[in-house]
Amino acid sequence: SPIYLIRDGRIIKLAILDKDGYDHTMITNAVGIGSDFAYHTKSVDLKPNDKLVLVTDGISDNVYEHEILEIVSNEKTPQDAISRLERLLNRKRDSKIGRDDFFGKFKEDDATAIIRYF
């Protein structure tokens with residue numbers, strides 16, 4: 001699942017999906033399935049006013065990064081950002097509109113977010 005750092009009006013990917021050979025219709029690598037599970041780590045020093053956003057694919061497959069950036073940048077509290085993100089996701093679900101660059105329609109999946117302001 002993606003992890004984003006919002007800093008100075010930009011959204012920076014700290015963890016991303018490796019799409020090489022990725023088939024949107026199936027899980028290609030999950031914790032506990034086989035011994036070849038691989039991951040990458042990155043260390044980042046957090047600064048005052050940084051905002052950290054962790055989302056599951058039920059959000060990242062339906063909401064564009066620029067939408068996440070706009071919501072988190074403009075809300076005063078993490079809870080306000082979560083509430084606004086939830087409203088956007090519900091509107092997209094109701095209209096069956098997701099991200100054009102992923103599935104072209106809304107993809108129903110677990111939609112969880114953790115947002116922290118520093």
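Some notes on this structure:
- None of K107, K51 is at pLDDT below 95, more than 12 Å from the chain's Cα centre (by Cα) and open to solvent by less than 60 Å² (accessible area, probe 1.4 Å) except K107.
- Only one of D45, D36, D18 that is at pLDDT below 60 and of a type in the set (D, E): D18
- Residues being among the polar types (S, T, N, Q), touching a Lys or Arg at 6+ places or on another chain (Cβ under 8 Å) and more than 12 Å from I6 (Cβ to Cβ) - total across segment 42-70: 1
- Which listed residue, of I114, I82, is within 17 Å of K51 (Cβ to Cβ) and open to solvent by 70 Å² or more (accessible area, probe 1.4 Å): I114
- In this structure, S60 does not qualify as of a type in the set (G, A, S), open to solvent by 80 Å² or more (accessible area, probe 1.4 Å) and at pLDDT below 95.
- Single condition S73 does not satisfy, out of (1) free of Cβ contacts under 8 Å to residues at least 60 places away in the same chain; (2) over 17 Å from P2 (Cα atoms); (3) among the hydroxyl-bearing types (S, T, Y): (1)
- Exactly one residue among D94, D100, D110 is of a type in the set (D, E) and in a helix (DSSP H, G or I), and that residue is D94.
The values are calculated or read from the model by the stated rules, or taken from the named source; none is laboratory data. Just so you know, these numbers come straight off a predicted model, no measurement behind them. Heads up, the Cβs are rebuilt from the backbone with ideal geometry, glycines too, and the neighbour counts pull from every protein chain shown. Just the protein is used for accessible areas: all its heavy atoms, side chains included, with ligands, DNA and RNA removed. Shrake-Rupley method; radii C 1.70, N 1.55, O 1.52, S 1.80 Å.
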